[in-house]
Amino acid sequence: QSKGGVGGVASMVVTSAQRTKWTATFRKADGDGDGFVTGPEARVLFSSSGLPTADLSRIWSLSDAGADHKLDCAEFLVAMYLINARLRGEELPG
C-alpha cells in the first residue's frame, strides 16, 4: 500500500463503528463463506446504494487491490467507504 492510501485516498479513515458495521455486512455478503465477496455477491448490495453503474464499477476497480476479481474484508471496507463518500457527493480518486 502506498503512502497515498488505497486508491490514492490519503484521507480515508474508517471509524470503529463503520468497521464493525461493514465487517458484519461483509460476512453476510460472503454467501459461500470463503472469505471473499465476488462481483455477483456484491452486485445486489452495492447496487442498492443507488449509485450509477459507472461509479460502482470504478469503486470495484479501486477496491480490488489484488486485481483478483474478488474483495477480501479489507478491500470490502474500502469499497464501502468509497460508496459512502460518493453518496456524500465526493469525487472518486483519479
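Key figures for this structure:
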| read-out | value |
| --- | --- |
| Arg43 being open to solvent by 20 Å² or more (accessible area, probe 1.4 Å), in a helix (DSSP H, G or I) and modelled with pLDDT of 95 or more | no |
| Hey, Asp64 more than 22 Å from Glu90 (Cβ to Cβ) and either open to solvent by less than 70 Å² (accessible area, probe 1.4 Å) or at pLDDT 95 or above (or both) or not | no |
| Within the stretch 1-34, tally of residues that are open to solvent by 80 Å² or more (accessible area, probe 1.4 Å) and at pLDDT below 90 | 5 |
| Check on Ala74, in a loop (DSSP other than H, G, I, E, B), hydrophobic (A, V, I, L, M, F, W, C) and open to solvent by 50 Å² or more (accessible area, probe 1.4 Å) | no |
| Test: residue in the stretch 47-59 that is at pLDDT below 95, out of contact with any Pro (no Cβ under 8 Å at 6 or more places or on another chain) and not β-branched (Val, Ile, Thr) | no |
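The values are calculated or read from the model by the stated rules, or taken from the named source; none is laboratory data. Keep in mind it's a predicted model, so treat the numbers as computed, not measured. Reconstructed Cβ throughout: ideal geometry from the backbone, glycine too, with neighbour counts over all protein chains shown. Calculation scope for accessible area: heavy atoms of the full protein, side chains included, ligands and nucleic acids excluded. Shrake-Rupley method; radii C 1.70, N 1.55, O 1.52, S 1.80 Å.
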